[in-house]
Amino acid sequence: MSYDNNNIFAKILRGELSAVTVYEDDATLAFMDVMPQSPGHTLVVPRYPAENLFDLDLTAGAAVLRTVQLVARAVKTAFNADGIMLNQFNGPAAGQTVFHFHIHIVPRYENVPLRRHTGDMEDSAVLQEQAQRIRAELARPGA
């Protein structure tokens, strides 16, 4: 496949579609997953047009990892998670459904199963409230 400039994340990056943003910088954007597996489920995407890991510029990849670490700390604290799971899929056979490189940050809890990642979309007000919790952690001194 070649990169599709009309994928949903490319449209979000261009401002053509809305997303509940928790963090952004010149190289990355972090926003709430609309079909969360756990409260606080967040996505981090590069502004660089990469379909998957194999297309990702190493500088863009480093920026994504920096943002993932920053946001994952905030998510873990904001949701009092026992752990954080990171997911990243490459190609349809691996489960990739949006063909713009992205990393899922999913809060995990002992003995609590994940919700399915397909199906109903979360209420926008719930996502806004969750995003505010993450942004508050990011704004704390030393975050």
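The values are calculated or read from the model by the stated rules, or taken from the named source; none is laboratory data. These numbers were taken from a predicted model, which means no experiment stands behind them. Glycine also receives a Cβ, built like all others from the backbone with ideal geometry; neighbour counts cover every protein chain displayed. Just the protein is used for accessible areas: all its heavy atoms, side chains included, with ligands, DNA and RNA removed. Shrake-Rupley method; radii C 1.70, N 1.55, O 1.52, S 1.80 Å.
Data overview
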read-out: Residue identified as over 23 Å from THR118 (Cα atoms) and either among the charged types (D, E, K, R) or in contact (Cβ under 8 Å) with a residue 40 or more places away in the chain (or both) among LEU43, LEU65, LEU70; value: LEU70
read-out: Qualifying strands (runs of 3 or more DSSP E) (wholly inside the range 1-59; at least 3 residues being of a type in the set (A, V, I, L, M)); value: 28-32, 42-46
read-out: Residue in the range 47-54 that is farther than 19 Å from GLU122 by Cβ, hydroxyl-bearing (Ser, Thr, Tyr) and either open to solvent by less than 50 Å² (accessible area, probe 1.4 Å) or in contact with a Lys or Arg (Cβ under 7 Å, 6 or more places away or on another chain) (or both) present; value: no
read-out: Residue satisfying all of: in the range 103-129; charged (D, E, K, R) and surrounded by 11 or more Cβ atoms within 10 Å (Cβ to Cβ); nearest to LYS11 (Cα to Cα) among these; value: GLU122
read-out: Some residue of the range 8-29 being surrounded by 20 or more Cβ atoms within 10 Å (Cβ to Cβ), touching an Asp or Glu at 6+ places or on another chain (Cβ under 6 Å), touching a residue at least 12 places away in the same chain (Cβ under 8 Å) and under 18 Å from ALA136 (Cβ atoms); value: no
read-out: Some residue of the range 77-97 being in a helix (DSSP H, G or I) and in contact with a helix residue (DSSP H, G or I) (Cβ under 8 Å, 6 or more places away or on another chain); value: yes
read-out: Residue that is farthest from THR67 (Cα to Cα) [pool: residues in the range 93-102 that are open to solvent by 20 Å² or more (accessible area, probe 1.4 Å) and at pLDDT 95 or above]; value: ALA93
read-out: Subset of the range 131-143 that is more than 12 Å from THR77 (Cα to Cα) and out of contact with any strand residue (DSSP E or B) (no Cβ under 6 Å at 6 or more places or on another chain) - its residue that is surrounded by the most Cβ atoms within 10 Å (Cβ to Cβ); value: GLN132
